[in-house]
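Read through the structure below, which is laid out as structure tokens, and then see the notes.
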Amino acid sequence: MKYIIYILLFALPSVSFAQDKSQWEKKFDNANSLYIKENYAKAIEIYHELIQEKDNSPEVFFNLANAYYKLNNNTDAIYYYEKALKLAPDTQAFLTNLNYARKNLEDDITIVKEYDQQDIIHQSLGILTVNQWATLSTLAAFLVLICFICYYLTTKSNVKKLSFTCLILFLFLSLVTAYSAYFEDHYKSDAYSGIIFDKVLELKSEARHTSDTIRELHEGTRVHVLEEKSLWIKVQLDNQEEGWIEKKSIKVI
């Protein structure tokens, strides 16, 4: 899949040499052509249609973000760069453009990384997706069954011993991979982030309008949701500062 390279370079999308393209791919090419012709509004419209059909393409989110940036819509640009990065973490082109767009933010928030135990575990288990861990667990469970059948049917002591050893090993592997799939699934569903779309809002000390204001926040700022309470959410900023804002003020990444 191709995507439009860095904003700063204004490079053309890479050329696809596939002979038989799907309707979705042709539509994607059309949107990219409109982008190159600087018809950003129409390109945005088609990118959104593509996302409605298939919302797992980081390239579409990235190109959509670039189009919004070209129209000086910094908040939507940041939002869709984040969406692209969620699907393809650590992609340098996505990170470069996101960091460039963030320079235009009104809120100057220094990113401070703090890791708890779950974050540390995720750093190790995140090398595979939930589906990949689940597939490994299923495969290991199947091998457990094979080893058990061999152990039960064979009469040779050396084969019996080898089958039993392999059974224990694959059983252990099945349990570990099943836990990994479970952990990653819950880690990703429990923790989520969002982008502020209100022009300006107040970060409150409690989940009510009359509570003390910690600071003002502006559109485009990223927040990490820690807790929900009715119409309010407790959020953490990238500098680890915490407070409450109204749930309607953000779009979830």
Largest first, please: the extent of the C-alpha atoms of the chain along each principal axis, to the nearest Å.
75, 58, 28
Can you give me the Rg/Rh ratio for region 192-252, using Cα atoms for both radii and the Kirkwood formula for Rh?
0.90
What residue among ALA101, ALA77, ALA134 has the largest mean-square fluctuation in a Gaussian network model of the chain, using Cα springs under 10 Å?
ALA134
Rg to Rh quotient for region 128-246, alpha carbon positions, Kirkwood Rh:
1.39
Packing-based exposure ordering (other Cβ within 10 Å, fewest first) of TYR187, TYR192, TYR81
TYR192, TYR187, TYR81
From fewest to most C-beta neighbours within 10 Å, the residues ILE127, ILE168, ILE214 line up as ILE127, ILE168, ILE214
Determine the calculated [θ] at 222 nm for the chain from helices alone, applying -39500 (n - 2.57) to every DSSP H run no shorter than 4 residues and normalising by the residue count; nearest 500 deg cm²/dmol.
-17500 deg cm²/dmol
Max mean-square fluctuation residue, GNM over the chain, Cα-Cα springs under 10 Å, options ILE195, ILE51, ILE120
ILE120
Just tell me, in residue order, which DSSP H segments of the chain are both 30 angstrom or longer along the helix axis (alpha-carbon based) and at least 1.6 in mean Kyte-Doolittle hydropathy.
130-153
Computed from the beta carbon distance with a Förster radius of 30 Å, FRET efficiency for ASP55 and LEU145 to the nearest 0.05 stands at 0.25
Only counting other Cβ atoms within 10 Å, I'd like ILE121, ILE78, ILE245 sorted with the fewest neighbours first.
ILE121, ILE245, ILE78
What are the principal axis extents of the Cα atoms in region 23-102, in Å, biggest first?
31, 25, 17
Set of lysines with alpha-carbon distance to LYS229 below 16 Å, sequence-local pairs under 8 removed
LYS204, LYS247, LYS248
Would you mind giving the three semi-axes, in whole Å and largest first, of the ellipsoid equivalent to region 117-190 according to its Cα gyration tensor?
32, 11, 7
Most mobile listed residue (ALA207, ALA141, ALA84) in the chain, GNM with C-alpha springs under 10 Å
ALA141
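Just so you know, all these numbers are worked out from the coordinates, no wet-lab data involved. Quick caveat: nothing in here was measured; it's all calculated off a predicted structure. Because the Cβ atoms are built from the backbone with ideal geometry, glycine has one as well, and the counts that use them run over all protein chains shown.
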